[in-house]
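Chemist: Below is a structure I'd like to ask you about.
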Amino acid sequence: MPLLKTSDVTDRVRRLNFLSLGIVVTYAIIAGKLVSNRPVVNPLVDSALVFLTSIGFYQILVEVLFEIVGKFGSLLKIYWGSLYLHGLWSYTYTIDGADGNDDKVFFGIWRFEQTLYDTRIVGFGLTDKFIARSRVRSVTEMIANGVMYEFINVRSDSIDPSRDVYSRTSMYFELNKNWFFRYPTRMRGQTMVYGGPFNGRVYNNVFVKHESARTEEDVIADLKRKPSSHDSESIEQASLQ
């Protein structure tokens with residue numbers, strides 16, 4: 001299973017470097033023509049100055065460009081494209097083979113945090129009274145596995161909060177309908193738990209992005225707007241408000 005950092009992310013970083021290099025080469029060509037028409041000192045010294053300033057300009061440009069893309073959501077969205085997950089998501093899941101709970105729907109919130117180099121998760125499951133019943137954080141970057149993507153997480157449950165266990169979440173992305181900015185707004189998949197009281201359980205997940213939410217409290221407010229807000233259909237409707 002190839003980590004995105006060694007392939008997809010590397011390609012994105014390389015494209016930003018190529019963009020910076022293209023701008024610097026253009027600068028060097030224009031500056032070279034200017035000093036050849038109007039020498040400052042002499043051709044040799046002028047060429048050396050253009051070369052040195054091009055190196056300094058490239059270093060500054062790379063730092064500035066990477067800083068800008070990393071801080072502005074619209075540019076980060078373009079950078080990640082169809083893998084843009086940054087933001088808050090609510091999720092629901094049912095448990096395979098859970099005696100007496102086959103039809104029960106559980107729910108919670110995940111926050112995806114993306115930089116130019118990686119994607120991380122911090123989240124928690126909620127009870128019907130919107131109290132945290134489990135906590136999760138990713139311990140790997142996003143992993144490409146065929147047509148799906150995976151995260152390995154460490155989690156703790158309220159039933160045994162002092163004990164950390166691991167889980168693996170596999171996701172299939174469903175992109176929005178936009179013609180230009182196409183990125184996931186819904187995901188389906190499964191989570192397998194390894195260790196603890198829920199060892200071996202398989203959770204069938206549905207994730208929905210809350211585009212306008214800025215904090216976890218915003219998502220909880222969305223979920224509370226409807227009495228049945230913790231079923232998957234109501235969560236999807238709430239995310240579109």
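Chemist: Which FRET efficiency value, to the nearest 0.05, is calculated for PHE51 and THR10 with the Förster distance at 35 angstrom and r the Cβ-Cβ distance? Before the final figure, lay out the partial values.
Modeler: Numbers: r = 28 Å, r/R0 = 0.80.
Efficiency computed from Cβ-Cβ geometry: 0.80.
Chemist: Counting other Cβ atoms within 10 Å, which GluC sites (Glu not before Pro) in the range 174-222 have at most 14 and lie in a DSSP loop? Show your work: numbers first, answer last.
Modeler: On the way: sites: GLU174, GLU211, GLU216, GLU217; in loops: GLU211.
Those that pass, being in a loop and sparsely packed, are GLU211.
Chemist: Within 10 Å of each residue's Cβ, count the other Cβ atoms and sort HIS86, HIS210 from fewest upward. Each step should come with its number before you reach the end.
Modeler: Numbers: HIS86 17, HIS210 23.
Arranged by neighbour count, lowest to highest, HIS86, HIS210 become HIS86, HIS210.
Chemist: To continue, here is another question. Taking the beta-carbon count within 10 Å as an exposure proxy, list PHE57, PHE180 from fewest neighbours to most. Kindly include the intermediate steps, with their values, before the conclusion.
Modeler: Details: PHE57 16, PHE180 5.
Ranked by crowding around the Cβ, least crowded first: PHE180, PHE57.
Chemist: Also, quick follow-up: Search the structure for amide H atoms under 5 Å from the amide H of SER134, placed 1.01 Å from N in the peptide plane, and list their residues when 5 or more places away or on another chain.
Modeler: Answer set, sorted by chain and number: GLY125, SER158.
Chemist: Say the cut-off is 20 Å between C-alpha atoms; which of LYS77/LYS209; LYS71/LYS224; LYS177/LYS224; LYS71/LYS177; LYS104/LYS209; LYS104/LYS177 go over it? Intermediate values should be presented prior to the final figure.
Modeler: Working: LYS77/LYS209 14 Å; LYS71/LYS224 31 Å; LYS177/LYS224 27 Å; LYS71/LYS177 25 Å; LYS104/LYS209 22 Å; LYS104/LYS177 31 Å.
With Cα atoms farther than 20 Å apart: LYS71/LYS224; LYS177/LYS224; LYS71/LYS177; LYS104/LYS209; LYS104/LYS177.
Chemist: To continue, here is another question. For a quick check: sort LEU126, LEU52, LEU19 by the number of other beta carbons within 10 angstrom, fewest at the front.
Modeler: Working: LEU126 21, LEU52 10, LEU19 14.
Ordered by Cβ neighbours within 10 Å, fewest first: LEU52, LEU19, LEU126.
Since every read-out is calculated from the coordinates, none of them should be taken as a lab result. The structure displayed is predicted, hence computed values, not measured ones. Neighbour counts run over all protein chains shown; Cβ positions are idealised from the backbone, glycine included.
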